[in-house]
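S.K.: Please find one structure pasted underneath; my questions will follow.
The values are calculated or read from the model by the stated rules, or taken from the named source; none is laboratory data. Everything numeric in this text was worked out from a predicted model, so none of it was measured. Reconstructed Cβ throughout: ideal geometry from the backbone, glycine too, with neighbour counts over all protein chains shown.
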Amino acid sequence: MKTLEALTAAELGQLRQQVERELALQRTDKLALDLSRGKPSPEQLDLSTELNEPLASLIARDGTDARNYGALRGIPEARALGGELMDVAPERVFAAGNSSLFLMYQVAATAMQRGLWGDGRRWSRAEGPPPRMLTPVPGYDRHFTICESLGIEMINVAMFDSGPDMEQARRLAAEDASIKGIWCVPKYANPTGCIYADNTAAAMAELPQAAAADDFVIFWDNAYAVHDFERPAAPLANLYDLAVAAGTAEHVALFSSTSKITYASGGLGFCGGSDALLSALEETLSLMCIGPDKVAQLRHARFLSGRIEEHMTRHAAVLKPKFAIVDRVLEEELGGLGIARWTKPKGGYFVSLTTPPGTAADIVRRAAQEGLKLTPAGATFPYGRDPNDDNIRIAPSFAPQDELESAMKVLTGCVKLIAIDRNRTEAE
Ligand SMILES: Cc1ncc(COP(=O)(O)O)c(C=O)c1O
């Protein structure tokens with residue numbers, strides 16, 4: 001197959017007509033397709049129906065009555081579950097209610113306002129530049145909106161297959177004391193699907209020491225800790241252990257949740273870290289909550305205890321074929337044309353598509369006209385600004401397989417159309 005660039009003007013015109021015809025065929029299906037948000041499908045949610053069985057007892061193993069107020073850090077069973085997901089001891093875990101994102105916000109807000117260490121260190125100061133965080137890009141839009149809402153500026157760091165460019169991160173953090181932290185999705189990153197390499201994690205653990213700020217925090221959002229499509233599961237270095245060895249454990253905030261294990265709404269969120277971090281978080285949360293939903297905690301602990309891998313293998317049976325469809329259609333429709341590359345994750349929820357520079361927004365707009373909703377172009381970058389306008393996030397989990405196939409054909413058709421038009425304009 002010839003690359004798009006090698007085609008003559010006549011060949012480009014013919015290809016354009018063919019793509020238009022193919023898109024028109026899809027259009028007759030009255031499309032209302034959506035590849036925009038990484039939600040579990042109903043089929044995946046059904047895997048956790050057992051959560052709703054009546055509980056034999058509502059008393060936790062330490063005697064806590066799950067129905068009553070209290071136990072802000074969570075019941076022991078739930079803390080153990082969080083420990084399993086985040087690879088730390090249960091004592092290092094705060095088990096809360098639904099949403100780890102809520103906990104990320106609270107940790108960031110606490111770092112801003114009161115500090116995480118019980119001393120004078122806090123990010124928000126009356127004088128001097130505003131606090132900043134490093135944002136490996138492309139990344140997760142909701143991390144960026146937390147920063148924006150708290151007045152934290154963001155500085156982009158490049159992402160490799162091995163995780164963030166740690167040399168760049170280290171240089172930036174070392175020369176600017178207003179840089180207070182970094183966002184990480186270390187396993188099956190949103191949206192590239194990469195897993196941080198061991199040396200990336202080791203360099204990350206040392207980053208707070210290299211940073212000019214003495215209140216630097218690593219936000220280690222391990223949302224996809226157990227979301228492997230294949231067995232054995234892919235390993236991830238233990239950041240907390242590395243940080244203990246590097247003397248930086250107080251500068252690490254771990255996060256995970258069961259949102260994409262059981263119910264996206266109605267699961268458990270976890271935060272892990274040092275005694276100082278857990279105490280600071282407890283103080284903040286105690287202002288707004290007397291205790292988490294411990295009935296949900298008991299249900300989750302009893303349902304998942306000792307069988308996370310078995311349960312996630314069932315999710316993989318639903319998700320892996322969908323990711324295979326995405327990869328196949330991309331390969332069939334765009335392979336060899338020299339106009340796109342994409343990631344091939346072995347787990348998680350996303351595929352990251354890179355199109356020619358300056359085309360992503362046009363592709364997303366054109367797809368919307370064809371009835372396909374995509375994550376807005378730029379959403380994977382702070383402030384919605386993709387400097388190259390070339391990144392599109394694909395979220396294949398929610399759509400049934402036949403719709404996913406149609407959606408991918410529409411997407412790849414739009415990529416071709418916009419790239420052809422770009423090539424023709426440049427040739428003129
Ligand atoms: C990287 C990442 N972190 C956190 C979340 C949301 O987590 P939770 O449902 O626990 O708030 C998502 C959801 O897409 C995500 O992709």
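S.K.: Residue pairs, Cβ under 7 Å, 6 or more apart or interchain, first in segment 134-149 and within 12 Å of the ligand (Cβ to nearest atom), second part of a helix (DSSP H, G or I) and among the aromatic types (Phe, Trp, Tyr). List them.
M.R.: Correct list of pairs: Ile146/Tyr105.
S.K.: Could you please give the count of residues in segment 369-388 that are more than 21 Å from Gln26 (Cβ to Cβ), surrounded by fewer than 19 Cβ atoms within 10 Å (Cβ to Cβ) and not basic (Lys, Arg)?
M.R.: Looking only at that region, the number is 5.
S.K.: Another question, if that's okay. From the list Ala71, Ala78, Ala111, Ala126, pick out the single residue that is surrounded by 21 or more Cβ atoms within 10 Å (Cβ to Cβ) and either assigned to a loop (DSSP other than H, G, I, E, B) or touching a Cys at 6+ places or on another chain (Cβ under 9 Å) (or both).
M.R.: The conditions single out Ala71.
S.K.: Somewhere in segment 17-26, is a residue closer than 29 Å to Asp141 by Cβ and over 22 Å from the mean Cα position of the chain (by Cα)? Step through it out loud before you land on a result.
M.R.: Within segment 17-26, the subset closer than 29 Å to Asp141 by Cβ is 23, 26.
Now narrow it down to the ones that are over 22 Å from the mean Cα position of the chain (by Cα): 23, 26.
Checking segment 17-26: at least one residue is closer than 29 Å to Asp141 by Cβ and over 22 Å from the mean Cα position of the chain (by Cα).
S.K.: A further question follows. For the condition more than 21 Å from Asn156 (Cα to Cα), over 20 Å from the mean Cα position of the chain (by Cα) and surrounded by fewer than 21 Cβ atoms within 10 Å (Cβ to Cβ), what is the one hit in Thr412, Thr425? Working first, answer last.
M.R.: Details: Thr412 fails: surrounded by fewer than 21 Cβ atoms within 10 Å (Cβ to Cβ).
When all the criteria are applied, what remains is Thr425.
S.K.: Taking the condition of being aliphatic (A, V, I, L, M) and outside any helix (DSSP H, G or I), how many residues in segment 328-350 meet it?
M.R.: Narrowing segment 328-350 to residues aliphatic (A, V, I, L, M): 329-330, 334, 337, 339-340.
From what is left, the residues that are outside any helix (DSSP H, G or I) are 337, 339-340.
Result for segment 328-350: 3.
S.K.: Within segment 336-367, restricting attention to residues that are surrounded by fewer than 16 Cβ atoms within 10 Å (Cβ to Cβ) and over 15 Å from Ala377 (Cα atoms), which residue is nearest to the ligand (Cβ to nearest atom)?
M.R.: The selected residue is Lys344.
S.K.: With respect to Leu239, determine if the residue is of a type in the set (A, V, I, L, M), within 16 Å of the ligand (Cβ to nearest atom) and either touching a residue at least 24 places away in the same chain (Cβ under 8 Å) or assigned by TED's automatic domain parsing to the domain that holds Ala109 (or both).
M.R.: Working: of a type in the set (A, V, I, L, M): yes; within 16 Å of the ligand (Cβ to nearest atom): yes; either touching a residue at least 24 places away in the same chain (Cβ under 8 Å) or assigned by TED's automatic domain parsing to the domain that holds Ala109 (or both): yes.
So Leu239 fits the description; yes.
S.K.: Before we move on, is Leu12 over 30 Å from Gly338 (Cα atoms) and either crowded, with 17+ Cβ neighbours inside 10 Å or touching a residue at least 40 places away in the same chain (Cβ under 8 Å) (or both)?
M.R.: The answer is no for Leu12.
Table: residues versus (1) within 11 Å of the ligand (Cβ to nearest atom); (2) at pLDDT below 95; (3) farther than 29 Å from Gly120 by Cα.
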| site | (1), (2), (3) |
| --- | --- |
| Cys194 | no, no, yes |
| Ala201 | no, no, no |
| Glu206 | no, no, no |
| Ala211 | no, no, no |
| Tyr224 | yes, no, yes |
| Ala234 | no, no, yes |
| Thr248 | no, no, no |
| His251 | no, no, no |
